[in-house]
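What follows is a single structure, written as structure tokens, with notes after it.
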Amino acid sequence: MRVLVPAAAVLIAVFLALPVKGADLQPAPASTPVPAVWKQTKIEFHYFGRTSRYSCEGMRDKVRALLLDMGVRGDMRIRTNGCEIGRISLVGINPGLSIEFSSPVQHAGADKSPPTADEKPFDARYERFNFRQDAFRNLNVGDCELIEEFARQILPKLTVRDIQQDITCVPYQQSGGSYRVSGEVLKAAPQPSGRN
């Protein structure tokens, strides 16, 4: 008696027998550590999107999450503005943000004066980032204009390299926009336990 094997089972067996490349399973190699210090930056962030409107708190939370992804220190301060004039609420019109944050920059070298806490060098590495539509990061196609303004106003204030941008925002049409901003950003390397 002859046993017939379905074609799908044969294809699965062939696929499982193929060798797997080890390079595909390995994470990207970490960049060489560089000495860095914290640099404080102040930005007045303005958003005049025509497609998506944000509450002041909603825009603040999205920008804060993006900054944390980019290695900004967690003690940043973000104040909303343009939300109200006197007792008249303007929530959702065109909110803006006053942002103060510290981010890593490469250490230029020894200075004659003793370093402050922010000037004390630490190890940092360049790490890949990629902003695109991603439900897990609370980024959707409607955030196109926000990402465009983040890339224009905030990204140049960070230590980044190899930036690639493909942003096409179609006013008043959420489904017509697309964005992808990628590159490498300098982030503080994790400190070994027991080290201050």
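In the stretch 139-148 there is at least one residue matching the filter, namely being closer than 21 Å to Phe45 by Cα and assigned to a strand (DSSP E or B). Among residues of the stretch 70-112 being acidic (Asp, Glu) and either at pLDDT below 95 or buried (at least 18 other Cβ atoms within 10 Å of the Cβ) (or both), the one that is farthest from Gln133 (Cα to Cα) is Asp111. State whether one or more residues within the stretch 154-173 are assigned to a helix (DSSP H, G or I), in contact (Cβ under 8 Å) with a residue 24 or more places away in the chain, touching a Cys at 6+ places or on another chain (Cβ under 9 Å) and over 26 Å from Gln106 (Cβ atoms). No; the residues of the stretch 154-173 include none that is assigned to a helix (DSSP H, G or I), in contact (Cβ under 8 Å) with a residue 24 or more places away in the chain, touching a Cys at 6+ places or on another chain (Cβ under 9 Å) and over 26 Å from Gln106 (Cβ atoms). Checking Pro115, Pro29, Pro121 one by one, the residue that is in contact with a Pro (Cβ under 9 Å, 6 or more places away or on another chain) and either loosely packed, with under 10 Cβ neighbours inside 10 Å or modelled with pLDDT under 65 (or both) is Pro115 and no other. Of all residues in the stretch 123-146, those that are of a type in the set (Gly, Ala, Ser) have Cβ atoms under 6 Å from Cβ atoms of residues that are modelled with pLDDT under 90, 6 or more apart or on another chain, in Gly142/Ser52; Gly142/Gln174. Note on the stretch 32-68: residues that are buried (at least 16 other Cβ atoms within 10 Å of the Cβ), at pLDDT 95 or above and of a type in the set (D, E, K, R) amount to 2.
Picking from residues in the stretch 161-194 that are surrounded by fewer than 18 Cβ atoms within 10 Å (Cβ to Cβ) and β-branched (Val, Ile, Thr), the one that is farthest from the chain's Cα centre (by Cα) is Val170. The residue pairs whose first member lies in the stretch 55-75 and is more than 15 Å from Ile154 (Cβ to Cβ), whose second member is not polar (S, T, N, Q), and whose beta carbons are closer than 8 Å, counting only pairs six or more residues apart or on different chains, are Ser55/Val91; Ser55/Gly92; Ser55/Pro95; Cys56/Gly82; Cys56/Cys83; Cys56/Val91; Cys56/Pro95; Gly74/Leu68. Entry remark, the stretch 36-62: residues being in a helix (DSSP H, G or I) and more than 15 Å from Cys144 (Cβ to Cβ) number 5 in total.
The values are calculated or read from the model by the stated rules, or taken from the named source; none is laboratory data. What you are looking at is a predicted structure, and each value in this text was computed from that prediction instead of being measured. Because the Cβ atoms are built from the backbone with ideal geometry, glycine has one as well, and the counts that use them run over all protein chains shown.
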